Amino acid sequence: MQEHQREMRRLLNILNMILTLATCKLKLKDYKQAEKLCTKVLEIESTNVKALYRRAQAYMNVADLDLAEFDIKKALEIDPNNRDVKLEYKSLKEKVKEYNKKDAKFYGNMFAKLNKLDVNSDNSASKEPQPMSVDSKA
């Protein structure tokens with residue numbers, strides 16, 4: 001029994017070291033590696049709130065907002081009172097709002113330009129065709 005407890009403590013220490021390394025990778029803006037490290041932890045302990053939180057941070061920094069939201073919501077299900085996760089969720093919502101505004105503006109501009117092209121082509125198509133003049137002084 002003591003051997004089992006020692007192994008469990010050892011495993012928890014290893015997971016904590018991996019999460020510490022993931023934190024370092026986040027600070028170094030190596031978001032892909034941070035995401036991979038957190039995923040490794042979650043393969044072993046799927047309910048690790050820190051791993052979900054850190055992986056969500058990595059996803060947010062590479063603009064993968066859907067995956068970030070999934071991880072944050074899962075972390076909040078596990079620990080609904082976690083202050084850091086709540087703050088990250090608030091930050092994510094703001095980022096989603098910002099992206100939606102940018103998308104709306106981008107697509108609005110794109111459709112306005114397409115509409116303008118359609119109007120111009122309609123105007124040129126509505127003009128009566130003019131006969132070509134041929135210079136026969138050859």
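Charge dipole of the stretch 1-41 (Cα centre as origin; +1 on each Lys and Arg Cβ, -1 on each Asp and Glu Cβ, all else neutral): 180 debye, rounded to the nearest 20. Per-residue packing, averaged as other Cβ atoms within 10 Å, sorts the ranges 65-72, 26-33, 4-11 into the order 65-72, 26-33, 4-11, beginning with the highest. Rounded to the nearest angstrom and listed largest first, the equivalent-ellipsoid semi-axes of the stretch 16-67 from its Cα gyration tensor are 16, 13, 8.
For Ala22, neighbours were defined as the other residues whose beta-carbon sits under 14 Å from its Cβ, and their charges (Lys and Arg +1, Asp and Glu -1) total +4.
Compared with the rule-of-thumb size 2.2 N^0.38 Å for a compact globular protein, the stretch 43-103 has a Cα radius of gyration ratio of 1.09. Phi-derived couplings, Karplus 6.51 cos²θ - 1.76 cosθ + 1.60 at θ = phi - 60°, listed residue by residue for the stretch 54-61: 5, 5, 4, 4, 4, 4, 4, 6 Hz, with x used for Gly and Pro.
Here, each number is a calculation from the coordinates, and none is a lab measurement. Computed from a predicted structure; not experimentally measured. Ideal geometry is used to build each Cβ from the backbone, glycine not excepted, and the neighbour counts take in all protein chains shown.
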